[in-house]
Amino acid sequence: MKQTPLRAVEKQTVINIFKEFNLSWPAGTPCYKTEMIKKTAKVAGVSRATVYNILKEYNTEGRLKSPPRQRQHMKHDDYDDITFNEIRRKIHSFFFKNEMSTLDKILEAVNSDDSLPDFKRSSLYKIIKNTLQFTYIKRSRKSALIDRQKIVLWRLKYLHEIKTLRNEGRKIYYLDETWLNEGHTKSFVWQDTTIKSSKEAHREGLSIGLKNPTGKGRRLIIGHIGSTEGFLPDAALIFDAKKGDGDYHSEMDAFNFEKWFKLILTKIESG
């Protein structure tokens, strides 16, 4: 006899067997329910009590239900990054809706998702606090989360468009900028440690090693563009920075960029 609880589809099979016995019962022969239950139980491989309970459920409620899904509680080390990322998304879904994300609400959202394990309240709290590194602090009036949402949407849009272009076999160019001091040099060099002084170096006909530049020199802003085939020939942009330090991004003004980009458009492949 099958001891595990039956699912709705299995219960329906029992009902169908019972109905078949009822329809095919020999005419003129007394039709006893107990006898049909006995035959149904034998064919279905379940107990007579199970058949009786299924018939009672079907006749009383008009439908058959599967037993509640039993989900095993797991230890923290048993969870993977996919599970943690899904929990993080659940929490951020409250932020996107500008809805208060209490621990009870998060627990309900996570445990109602069949693709996620079943968590205890205390276990979920530890994951949110220690693993995901969320902090329970006083709310801020700043709308930083709204800006972050826009960035996420922009990133998703970019990934979708870049995938489409790659599938079409289109050549994709990437551009970036950086800075470099004119007097830039390596910090680490080979040094002859046997030479202890300039006098000794002169006597041995050797040197005291490389000298550091007296200054950093001009600060140069460098922009370039390339593809999987390498840098685009004759497309480098190099000009003097107005400031010797600080954030170099502000040095790339609209005038310099547009002038350079018009030149780039004449060099890249069409399409």
Next item on the list: Evaluate the distance, in nm, between pseudo-label points positioned 7 Å from the Cα of A49 and of I82 along their respective Cα→Cβ axes.
Entry: 4.1
Check: Of K11/K42; K11/K120; K90/K126; K56/K105; K56/K120; K120/K157, which ones are farther than 25 Å apart at the Cα?
Finding: K11/K120; K56/K105; K56/K120; K120/K157
Item checked: Relative contact order (%) - criterion: Cα under 8 Å, at least six apart; region: the range 8-61 -> 38
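The numbers here are math on the coordinates, done by the rules we state, and not lab data. Note that the structure is predicted; figures quoted are calculated from it, not measured. When we count neighbours, we look across all protein chains shown, and the Cβ atoms used for this are built from the backbone with ideal geometry, even at glycine.
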